[in-house]
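Undergrad: Submitted below is the structure of interest, expressed as C-alpha cells.
The values are calculated or read from the model by the stated rules, or taken from the named source; none is laboratory data. Just so it is clear, the model here is predicted, and its values are computed rather than measured. We place every Cβ from the backbone using ideal geometry, glycine too, and count neighbours over all the protein chains shown. The protein model used for the area step is the full one, side chains on, heavy atoms only, and it has no ligands, DNA or RNA in it. Shrake-Rupley method; radii C 1.70, N 1.55, O 1.52, S 1.80 Å.
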Amino acid sequence: MSGKTHPFSAKQLEEICASHPTPFHIYDENGIISNARKLTGAFSWNEGFKEYFAVKATPTPAILKILAEEGLGMDCSSEAELILSSRCGVEGEGIMFTSNDTPIKEYKSAIDMGAIINLDDISHISYLDDNLGLPELVCFRFNPGPERTGNVIIGDPKEAKYGFTREQLFEGYKACKEKGVKRFGLHTMVASNELDESFFVETARMLFDLVVEISKELDIKIEFVNLGGGIGIPYRPGEEAVNYQVISDGVRELYESTIKPAGLDPMKIFLECGRVITGPYGYLVSRVLHKKEIYKNYVGLDACMANLMRPGMYDAYHHISVVGKEDQEKSHTYDVTGSLCENNDKFAIDRELPETSIGDLVVIHDSGAHGHSMGFNYNGKLRSAELLLKSGGQVQQIRRAETYEDLFRTIEGF
Ligand SMILES: *Cc1c(COP(=O)(O)O)cnc(C)c1O
C-alpha cells in the first residue's frame with residue numbers, strides 16, 4: 001500500500017530538472033482542473049452554487065487563472081489578494097472579501113471592485129456606513145461559539161477571534177435592513193483540514209436552521225449561505241480523500257427538508273475551500289545533497305523549510321517519494337532535512353524510506369497549498385520557481401526562482 005502517487009516518471013523529472021534546477025514546486029494542471037470540475041459538478045443541483053477559491057492557499061497568478069477559467073470565484077482576505085484576483089480576471093461578485101481587523105482602504109478597494117463584503121464584526125457596519133456607505137449586498141461571518149465544537153485543527157470557535165455571535169447576527173441584519181441594505185448573505189468557517197464529510201453537512205444544518213430563523217424574525221431574504229472552506233486532504237498514505245458527492249447529497253437533503261418548506265428556495269450555496277483545490281496537485285521537487293550518520297541518520301536536501309514551512313512549523317506530515325524507488329521496500333529510517341540554521345528545518349522525522357543515495361530526486365507531496373505561498377527568505381534563501389505540468393504534458397515556468405539580486409530589490413544604495 002502506498003496510496004500516494006505522483007504523475008511523473010523518473011525520466012520525465014530528470015528531463016525537467018535539466019532545464020529547471022531543483023528545488024522547485026510543480027503543479028499538475030490536469031489534476032487541478034478535474035478536481036475543480038468534480039466539486040462544482042457535485043453541487044450542480046444548486047443553482048448559483050459557487051466555490052470561491054481561498055487565494056491565500058496558492059496566490060500564484062497562473063493557477064488563479066486556471067481556476068477562474070473553470071468558473072471558480074476568489075475568496076480574498078486582503079487588498080493584495082483582491083489585486084491578484086482582479087489581475088487574473090475575476091471581478092465583482094466573483095470575489096468574496098472575508099477579512100478581519102480590516103483597514104477602511106481595503107474595504108474601499110473591495111467595494112470599488114463590486115466584491116461581496118463579508119463583515120467580521122458588528123462594529124464594522126457603522127465603520128463602513130460612516131466612512132464609505134453600505135454596499136447593497138452585505139454578508140456576516142457567524143461564529144457559533146459554544147453552540148458548536150470546531151474541528152481539531154481550527155480549534156474551539158469560542159476561542160476564535162472571528163465573526164459575529166448569534167445575537168449580533170440578528171441585530172446586524174436588522175440594522176442593515178433599516179439602513180436600506182437589500183441583499184444579504186450568511187457565512188461561517190469552522191473547519192480546517194477536515195476529512196469527515198458529515199462535519200460539513202452539520203455546518204449546513206447549523207446555517208440553514210439559522211437562515212430560517214432569521215428570515216422569519218426579520219423578514220429578510222438571505223440570498224446565499226457560505227459554508228466556508230476547510231475540506232481536508234489525505235496527506236498520509238491510508239487516509240481517504242473527501243467525497244464531494246457525499247457532502248453535496250447531505251447538504252441537498254437538508255435544503256429539501258428545511259430551506260424549501262420555509263419558502264426560502266432558491267438560495268445559493270457557496271464554499272470557499274483552498275487546500276483541497278490545489279494542495280494535492282502541487283509537488284516540491286528536490287535533490288539529495290548529503291547523507292549523514294551521527295546519533296540518527298540524515299538525508300539532506302537542496303530544499304529547506306523556506307520552500308515548505310508546514311513540517312517545520314507544525315509537524316505536518318508531507319509524504320516523500322524517492323523518485324525511481326517508489327516500489328522499493330522502506331528499509332531505512334531517516335530525518336529528511338534542509339539547510340537552515342534551525343533544527344526544526346526537517347521535512348520528516350524518523351521517516352521510513354527506501355535506501356536513499358546522494359543525487360536521488362525526491363518528490364514531497366501535497367505542497368500545492370500553503371507551500372510556495374508560505375515561503376520566506378530566512379538565511380537569505382531564495383524562493384523557488386513554480387512550474388506547471390500542462391494538460392498536454394509540456395512544462396511551463398509560471399514563476400521564476402528569485403535571484404540574489406532580488407534580495408536587494410527593496411533596498412536603495414547597494
Ligand atoms: C483559510 C480560509 C479558507 C480556506 O481554508 P482551507 O482550509 O484552505 O479550505 C476559507 N475561508 C477563510 C475565511 C479562511 O481564512
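Undergrad: Using the Karplus curve 6.51 cos²θ - 1.76 cosθ + 1.60 with θ = phi - 60°, work out ³J(HN,Hα) for each residue of region 256-270 in order, rounded to whole Hz, and write x for Gly and Pro.
TA: 5, 8, 10, 6, 5, x, 7, x, 9, 7, x, 9, 7, 10, 10
Undergrad: Here's a follow-up. Using θ = phi - 60° and the Karplus relation 6.51 cos²θ - 1.76 cosθ + 1.60, list the HN-Hα couplings for region 341-350 in order, rounded to whole Hz, with x at every Gly or Pro.
TA: Taking θ as phi minus 60°, the curve returns 7, 8, 5, 7, 7, 9, 6, 7, 10, 6 Hz for region 341-350.
Undergrad: Within 10 Å of each candidate Cβ there may be at most 13 other Cβ atoms; applying that plus a DSSP loop requirement, which chymotrypsin sites (Phe, Trp or Tyr not before Pro) in region 232-306 survive? Could the numbers behind the result be given before it?
TA: Values: sites: Y235, Y244, Y255, F270, Y281, Y283, Y295, Y298; in loops: Y235, Y295.
For chymotrypsin sites (Phe, Trp or Tyr not before Pro) across region 232-306 that sit outside H, G, I, E and B with at most 13 neighbouring Cβ atoms in 10 Å, the list reads Y295.
Undergrad: Using a 1.4 Å probe on the protein heavy atoms, what percent of the accessible area of region 43-273 belongs to carbon and sulfur? Provide the component values of the computation, followed by the final result.
TA: Values: 4610 of 9610 Å².
Carbon and sulfur: 48 percent of the exposed surface of region 43-273.
Undergrad: Starting at the first residue of region 241-247, write each ³J(HN,Hα) from the Karplus equation 6.51 cos²θ - 1.76 cosθ + 1.60 with θ = phi - 60°, in whole Hz, x for Gly and Pro.
TA: After applying 6.51 cos²θ - 1.76 cosθ + 1.60, I find 5, 5, 8, 4, 4, 5, 4 Hz.
Undergrad: Accessible area per residue for region 43-273 in Å², computed with a 1.4 Å probe and the full protein assembly in place, what is it? Display every interim value, and only then the final one.
TA: Working: 9610 Å² over 231 residues.
Heavy-atom accessible area per residue stands at 42 Å².
Undergrad: Quick check: pseudo-label points 7 Å beyond the Cα along Cα→Cβ at E213 and I104, how many nm apart are they?
TA: 3.4 nm
Undergrad: Note down the net charge around L382, summing +1 for each Lys or Arg and -1 for each Asp or Glu among other residues with Cβ under 15 Å from its Cβ. Could the numbers behind the result be given before it?
TA: Working: positive: K381, R383, R399, R400, R409; negative: D302, E386, E402, E405, D406.
Local charge sum for L382: 0.
Undergrad: Long-range amide H contacts for F164: which residues qualify at under 5 Å (H placed 1.01 Å from N, peptide plane, sequence gap of 5 or more or a different chain)?
TA: Hits under the 5 Å cutoff: R141, F142, N143.
Undergrad: Collect residues whose amide H, placed 1.01 Å from N in the peptide plane, falls under 5 Å from the amide H of H332; neighbours closer than 5 in sequence don't count.
TA: Distant-sequence amide H within range of H332: L353, E355.
Undergrad: Got the relative contact order for region 43-273 handy, in percent, Cα pairs under 8 Å and 6 or more residues apart? List each step's numbers first, then the result.
TA: Details: 417 pairs, mean separation 43.4, N = 231.
Value for region 43-273: 19 percent.
Undergrad: If you don't mind, there's one more thing I want to ask. Project the alpha carbons of the chain onto their principal axes and report the range along each, largest first, in whole Å.
TA: Per principal axis, max minus min of the Cα coordinates gives 69, 57, 43 Å.
Undergrad: Separate question: Sort out for me the Cα centre separation of region 388-414 from region 270-284, rounded to whole Å.
TA: So the two Cα centres are separated by 22 Å.
Undergrad: Which entries of K108/K381; K56/K390; K4/K161; K11/K291; K179/K260; K11/K292 show an alpha-carbon separation above 25 angstrom in the structure shown? Spell out each step's value before the answer.
TA: Values: K108/K381 36 Å; K56/K390 22 Å; K4/K161 36 Å; K11/K291 23 Å; K179/K260 28 Å; K11/K292 27 Å.
In this structure, K108/K381; K4/K161; K179/K260; K11/K292 lie more than 25 Å apart at Cα.
Undergrad: Given the options G145, A54, I125, identify the residue whose Cα lies farthest towards the positive end of the charge dipole of region 43-273 (+1 on Cβ of Lys, Arg; -1 on Cβ of Asp, Glu).
TA: I125
Undergrad: For K174 and F408 in the same chain, what is the full-extension length gain: residue separation times 0.36 nm, less their Cα-Cα distance, in nm?
TA: Values: separation 234, 0.36 × 234 = 84.24 nm, distance 5.23 nm.
Extending this stretch completely gives an extra 79.0 nm.
Undergrad: A follow-up question, please. In percent, what relative contact order does the chain have, based on Cα pairs under 8 Å that are 6 or more apart in sequence? Intermediate values should be presented prior to the final figure.
TA: On the way: 845 pairs, mean separation 76.5, N = 414.
That works out to 18 percent.
Undergrad: Moving on to the next point. Give the lysines reachable from K38 as a straight Cα distance under 16 Å; neighbours fewer than 8 places away on the same chain don't count.
TA: K50
Undergrad: Something else about it: Run lengths n ≥ 4 of DSSP H only: what is the helix-derived mean residue ellipticity at 222 nm for the chain, with -39500 (n - 2.57) per run over all residues, to the nearest 500? Working shown, then result.
TA: Details: 11 runs with 115 residues, N = 414.
-8500 deg cm²/dmol, from helical runs alone.
Undergrad: Post the alpha-carbon centroid distance, region 99-119 to region 168-203, in whole angstrom.
TA: 17 Å
Undergrad: Quick check on region 314-381: what are the equivalent-ellipsoid semi-axes from the Cα gyration tensor, as sqrt(5λ), descending, whole Å? The partial results should precede the final answer.
TA: On the way: eigenvalues 103, 38, 27 Å².
After scaling each eigenvalue by five and taking roots: 23, 14, 12 Å.
Undergrad: So, how do all the Cα-to-Cα distances of region 43-273 break down into 10 Å bins, in percent, from 0 on up?
TA: Each 10 Å bin holds this share of Cα pairs: 8, 33, 39, 18, 2, 0.
Undergrad: What trypsin sites (Lys or Arg not before Pro) does region 229-331 have in DSSP loop regions with at most 11 other beta carbons within 10 Å?
TA: Working: sites: R252, K268, R275, R287, K291, K292, K296, K325, K330; in loops: K296, K325, K330.
Sparse-neighbourhood loop trypsin sites (Lys or Arg not before Pro): K296.
Undergrad: Can you list the residues, at least 5 places off or on another chain, whose amide H is less than 5 Å from the amide H of D366, using H built in the peptide plane?
TA: G282
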